[in-house]
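FYI, it's all coordinate maths here, none of it is from the lab. Source: prediction; values computed, not measured. Note that we place each Cβ from the backbone using ideal geometry, even for glycine, and neighbour counts take in every protein chain shown.
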Amino acid sequence: MSNIKKDIVVIGGGPAGYIGAIKAARLGASVLLAEKKQVGGTCLNIGCIPTKYFVQSVHTISALRNGASRGIEITDPSFTIDMKKAVKGKDKTVKRLVKGVEFLLNQAKVETVNQKATIIGKNLVKLEDGTVIETKNILIASGSVSATVPIEGLDSPFVVDSEKILDLEYLPKKLAIIGGGVIGVEFASIFSSFGSEVTVIEALPSLLNGFDEEQVEVLSKGLKKNKVTVYTSTTVTKIETHTDEATLSLSNGKSLNSDLILLAVKRKANLSPLTDEFKIKTDKNRLVINEYGVTSVDNIYGGGDVTGLNMLAHVAYHMGEAVAHNICVDLGLLKTPKQKIRLDIVPSVVYSDLEIASVGMTEKEAAATKKYDIVVGKFPLSANGRSLSADFSEGFVKVVSERKYGQILGVFCAGLNVSEIIGEAVVAMQHELTVYEIADSIHAHPTINEALKEAAAICIGQCYHWGS
Ligand code: NAI
């Protein structure tokens, strides 16, 4: 019945799938990758990259606004956004990156098919056109899709998800965003800078639940500057559709009109490769894997958002690599021990004009363990030359450490370009460098990055650009 034989079939061409496919193929496995849309997945096509394209426009707008104080005389400082052109520019960047991934897959001799795939047996994958592939191993990397919530009137034509909003042909006058998590906040920052009147409705008492409170404060101030209205501890009870707009009724008794509503209330695992013909264990709508990435079936692995573990592209890259390694051990192509998936030291970033970037335990979380004598070093970016030169005095870099050895427990940053700092913190934490080593290393000046050295130095009383 089968007409193709492979070592591995990878289902899904996002960060977990394409990296897993390329790595396994480079190690000598015969790999087929099935992707029903475009390789690159959510991250590249409808997530991280397109939103960063628009965030860059936010920086451009901000630079134009700051021009006058720098002696750059712009006669007419008003601007309008041509969404068609903006979307075209975004598409160009995405296309270039997709081509890059296609090139890498081709170069590694991964056979890529543009089809939906389902698992119909321990060693059998069926493609949409009826082709059945016999395979030794399967990697399920089918990603995630936008989740929804039960709200009366949610089927309104004015409601979009985080994918549809990327292809808007017009700039909404009034944008309502349901959900003040990472996606909601990023879009609030983008569209308020573009000129839309933005309202964020968040069910919990704070935006960006789970992030350090001081970080959230910095981003919230930025939103306030852009006149974003934020309702916390509030839900939408009803949406009524009219000709040109919709009315949202809120649980706080208020109502608002809006010509676009973004639903950003989490994502959920895409379990579409699974069938009733062949059962693989799931739990609360996510694919269950063990620490090596193996599902309930020993030759079938999972990686990325479909596992529901930490829905971040860089976690998916890591899982794809680890799982490809482990499958190649199964196939006898590698003679090394299997690799565990690591989820302990994972950075997290939220982007707007200013950014927040974190890794590890917050001060509160570290205190709750009752294991450490905690020392916090916080260096304000108002004392950082590079940040001030760019007209930004907001933000900080905060190192949470412990007194005895100087171990770094967490790093929390907010401010201009701080996403570029967090990699150093990750390397230090993963390889058990202490605040002493960070403080002792020469950091380039002037950079935002040197604020990390200063914060580490504060932990050991050796910072000479702050304090006494
Ligand atoms: P999220 O979990 O970050 O935020 C969803 C928010 O919606 C929560 O704060 C929740 O309390 C709120 N909410 C839920 N139901 C609600 C309701 N009925 N009314 C009002 N608020 C409601 O999820 P989000 O932002 O959708 O992101 C999904 C995933 O994508 C996350 O797992 C995230 O890690 C990942 N992602 C990460 C990015 C980054 O790190 N920069 C960027 C984009 C996505």
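Amide H contacts under 5 Å for E355: G415, L416, N417, V418, restricted to partners 5 or more places along the chain or on a different chain, H placed in the peptide plane at 1.01 Å from N.
Phi-derived couplings, Karplus 6.51 cos²θ - 1.76 cosθ + 1.60 at θ = phi - 60°, listed residue by residue for segment 364-372: 4, 5, 5, 5, 5, 6, 6, 9, 10 Hz, with x used for Gly and Pro. Projecting the Cα atoms of L105, Y53, G14 onto the charge dipole of segment 2-136, computed from C-beta unit charges around the Cα centre, puts L105 farthest toward the positive end. Centre-to-centre, using Cα atoms only, segment 383-457 and segment 355-370 are separated by 15 Å. Amide H to amide H, with H built 1.01 Å from N, V159 comes under 5 Å of I261, counting only residues 5 or more places away or on other chains. For segment 237-275, the list of trypsin sites (Lys or Arg not before Pro) that fall in a loop by DSSP and count at most 16 other C-beta atoms within 10 angstrom reads K254, K266. Under the convention that each Lys and Arg Cβ holds +1 and each Asp and Glu Cβ holds -1, the size of the dipole of segment 354-458 around its Cα centre is about 360 debye. Beta bridges per DSSP, both residues in the chain: antiparallel share near 60 percent.
The ranking of S69, S251 by Cβ neighbour count inside 10 Å, starting from the fewest, reads S69, S251.
Each Lys and Arg Cβ is given +1 and each Asp and Glu Cβ -1; about its Cα centre, the chain then shows a dipole of about 820 debye. Whole-Hz Karplus values for segment 29-42 come out as 7, 8, 10, 10, 10, 9, 9, 7, 10, 10, 5, x, x, 4 Hz, taken residue by residue from phi with 6.51 cos²θ - 1.76 cosθ + 1.60 and θ = phi - 60°; glycine and proline positions read x. Along the chain, counting only GluC sites (Glu not before Pro) with a DSSP assignment other than H, G, I, E or B and at most 16 other Cβ atoms inside a 10 Å radius, the longest segment between sites is 292-431. With only Cα atoms counted, the chain has Rg and Dmax values of 23.9, 77 Å. P(r) for segment 105-190, from all Cα pairs and a bin width of 5 Å, is 3, 9, 15, 15, 11, 8, 12, 13, 10, 3, 0 %, short bins first.
The loop-placed trypsin sites (Lys or Arg not before Pro) in segment 80-114, going by DSSP, that have at most 14 neighbouring Cβ atoms within 10 Å of their Cβ come out as K109.
Counting neighbouring beta carbons within 10 Å and listing from fewest to most, the residues L333, L256 come out as L333, L256. A Cα-only calculation for segment 194-304 places Rg and Dmax at 20.2, 55 Å.
May I ask you to work out the translational diffusion coefficient for segment 354-458 at 4 °C, viscosity 1.567 mPa s, via Stokes-Einstein with Rh from the Kirkwood sum over Cα pairs, reported in whole µm²/s?
96
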